[in-house]
Structure formats: C-alpha cells, structure tokens
1. Using only Cα atoms, find the angle between the long axis of helix 244-260 and the longest principal axis of the chain, and express it within 0 to 90 degrees, rounded to the nearest 10.
2. Mind pulling the angle between the C-alpha long axis of helix 428-443 and the longest principal axis of the chain? Nearest 10 degrees, somewhere in 0 to 90.
3. With the Cα gyration tensor of the range 185-306 giving a ≥ b ≥ c as the square roots of its eigenvalues, does the rule (a/c under 1.5 for rounded; else a/b larger than b/c for prolate; else oblate) give rounded, prolate or oblate?
4. Within 10 Å, count the other beta carbons around each residue, average over each peptide in 427-440, 322-335, and list them highest first.
5. Per the helix-only calculation at 222 nm, which mean residue ellipticity applies to the chain, given -39500 (n - 2.57) for every DSSP H run of n ≥ 4 and division by its residues, nearest 500 deg cm²/dmol?
6. Among rounded, prolate and oblate, which fits the range 384-429 when a ≥ b ≥ c are the square roots of the eigenvalues of its C-alpha gyration tensor, a/c under 1.5 means rounded, and a/b larger than b/c means prolate?
7. Please give the helix 3-20 orientation as an angle from the longest Cα principal axis of the chain, in degrees from 0 to 90, rounded to the nearest 10.
8. Let me know the shape class of the range 122-216, please: from the alpha-carbon gyration tensor, a ≥ b ≥ c as square roots of the eigenvalues, rounded when a/c is under 1.5, otherwise prolate if a/b is greater than b/c, or oblate.
C-alpha cells in the first residue's frame, strides 16, 4: 500500500473511531484514543497537508455522527434522498473545518514555539469548540467532551470548566498516549507527560467521587412529583387538523391519570399542543378552533387542580411582520396562565432559514412545511411548589451558556421539552439526551426532560440519566425531583476556561507568526518526527 493510501486509511479510521464514541453507538472509550491513528499518519507532515488531513478526519467523524440529517428532510419536507444528503455533507464539511483549524493551530504553535503538542493541542481544541458554539450560527453538536457523558465520576469537574474542559482532557489523553506509545519526545518529556496525565486523572476521579457523594448527601430545599407525558404522536400526523382531536385526547387522558397518581406538575413535550395557543382570547376568525382548544386545555388544568407546563406555537401578534413563536406555557391548577417562554435559539434550516434572501428558491423548497419562527428575547423563570423552573426548548439544551445563565438567574430545576420524532430511531435522540445530561453536571441542577416520542428522563444534578423511557412508546413517567442550594463555579464564571484557551491560542499563533522557525530538516527531528509509512510498514 502506498504511503498516501496508508495515511488516508489511518485518518479515516480515526474519524470513524471518533464517530463510534458518541451515542447511539456509545463506544465511549474510543474517544480517548481516536486521534492516535491521525497523529501517526500525519506525523511530520507539512502544516498545509496536515490541515487537509485534519479536515478529512473531521469530515468522516461528523458524517458518522450526523448521518440522521437527511431523515427529516426526506420524510417530512419531501426532499429526494439524493438531495437530502447534500445538507448533511455541507454541515459535516463546515464542522470539519473547526477540526482542521484546531489540530493545525495546535501543531503550528508547537512547532514554531517548540512547545510539546500535549500542551498546545488541548488548548487549541477547547478554543475552537467555544467558537463553534457561537459562530457563525452556533452548532455545538457532539463536542468531544460529550463522549464521556457516561463516566459520571470523571465529568464532575465540568462544574468548573464546562464541557470544554472535558474535551481538552480527552485531547490531552490522546496526545500523551501517542507521544508515549510511539516515543515521539525525549524520555524526560514522555515521563513528565505521563506523570501529569496520571496525576490529573486520579485527581479528577477522586474529586468526582467526592462530589457525587457530597451532592447526594446534601439536604434538599424541596421536592415535587413530576409527570412527563410522552404522547408518541407521529410527526406525519402531528399537524394534521383532522388528527388534532385524537392527539389532544392523548394528552388530556394521560394528564388526568398522572394527577390521580399523585403528580404535582404535569409536563408535556415541545409543541404538544398542536394548535395556536395565545396568552389571551385574541384570535383571528379563521383560528376559532384553536381558541376552543385553548379553552379546553385551561379547563383541563382546572379539573385536575394541578399546573401543566406544555409547548405550543403562538402567533407573534407584537411583530409587525407576523410570524410564530415556539413557546412554552405554564398554566396553574386554577387555569390561569402563569407565564410563557419563547425559544431563543432556533434550529437553522428547521425553524428559520439563515440568509433566506441569499439561498432563495432552493432553501425555500427544502424547508417548506417547517415555517420560519421568531426567536425569543429573554429567559423566563417559572415557579411551581416553591421551585423555580428554567425551560429549554428542544436543542437549546446543547448550549452550555444559555443553560448556565438560566441557573444563574435562579432556576432550581431545568425542564427540557422536545420533539425528536423527526429523526426516527437514529442516533439523534440519544445524542441530544447525552448533551442535555452535561448541563446538569455543569450546574448541579436536576433536569426534567419530556420528549414527544422519547427519550424522556430525569437527569440528576450529577449528570446521571435516570428513568429513561423507550423510544416510540406512549406513556407517562412520574418521578420525584428534589433541588438543592448549589451554585457551581461554572454557573458563576461561565466559559472562562474556554475563553482563556482561546486567548492562549490566539497569542500562540501570533507569537509563532511573528517568530517563525524553519521547518525541521532530516537530521533535526521535530517535536513529533515524521512517520514515513509504506507498504512494508513504518520505517
């Protein structure tokens, strides 16, 4: 096999290993060594080639974890599969650019400033993940740290660094493993790196075990019984007006049963009320049926005497251009609307179209039937039985800072209402749940997750997923939720760790650019000497 084919195979294997580390494959341990084949294949390559190899690794990894993107476009927007895969490749290609920049930036700084890559790569990786969370449209899906979501003891330090710290740790682990396994540094550097890694891992596991016990033994400020109604309404029927009586009856019946079983709060998923629900009785004449369902829902709350938190679309009557909100309402047991929250971070190309005027007819065609939504402008804290609730709608739960700000504003319990019916039995619902779990680990606040077709669950303050429901099964899970007077370092300081990483990366790049060093020659080995790969093996 030629050297180029060998490198290509190793880079692709690295990307596949990383994809398999995330749900629903869940071979989590692969994340800790997934980059080792990549490091071996690109060892000593010129930076411009390393950039290309890194992009290929990222492309394979994201294609393997975002393969579900064509499903909603094909099944619900009538886009032929041959065209539906195009957005998947485009998004994976864009996400791969972050991988390429992170790995290349870390290696550039290492070479120019003569710093070990075990230092520069984790810092650059965390910095680029922070950028990916916010720019250009924000899509922090499957950040590297999420691969560790099942390692409950290990992820507890996310309450200091956020998920970005876990990502940096995994990259550090990969770099040290490669450096030590293939002796790509002096004995002194290898020893120091391995010693540091061992000490850090022991410290973090020790801290995690202590923190979990500490949280569990901490007295609660209060508790209530919550019912998560999983209506399991097929997406193909959800917005069919002829199916509305049947779907509403499902939630009506499940709610009544839940209250009989002692629920203090009933939570319906995102847009479970598949009709326009307005804060008042002001409806256009053509929406008279929606007004009747509104009245019926309020009467349901009065009949049960318990509050209902639910999702519903709402007309943007305060917007001169019209439009809709993706909204969460809280209705009291007396049938009064206590308040509402409008989703602030919308799904690009699902709930709105970035640059619609640029993409024109093609984009309009793809998103036909979804409709453009209007983002909310502020967060809302609800109150139920002494608990302050912060609501996250759908994929808002993958944004660390949004959740952190909600907790900082006083939320004792997080509520994530979502509808993952779009994605069938693919990895998407499992990935979304794993990412939501990290929000509780970061803030030490429990989360109630109610999903239309699953996976509904209670997430403990440590990030442990408890009482998960099966996909595509109708029913109601009732569990006790308690909250504690905890405010973490991450809740207070936010993304300080990743921001420091970003500053250090920019500073390193600037210093490396201003003080360039010549590329190593054959008789002057670099920090990571080049791996010459041939059909006869490494030589």
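Computed from the coordinates by the stated procedures, all read-outs in this text should not be read as laboratory data. Given the structure is predicted, the values throughout are model-derived calculations rather than measurements. Cβ coordinates were reconstructed from backbone atoms using ideal geometry, including for glycine residues, and neighbour counts include every protein chain displayed.
1. 90 degrees
2. Rounded to the nearest ten degrees, it is 90.
3. Note, shape of the range 185-306 comes out prolate.
4. Ranked from most to least packed, the peptides come out as 427-440, 322-335.
5. -15500 deg cm²/dmol
6. Oblate, since a/c reaches 1.5 and b/c is not below a/b.
7. Orientation of helix 3-20: about 30 degrees from the principal axis.
8. Oblate, since a/c reaches 1.5 and b/c is not below a/b.
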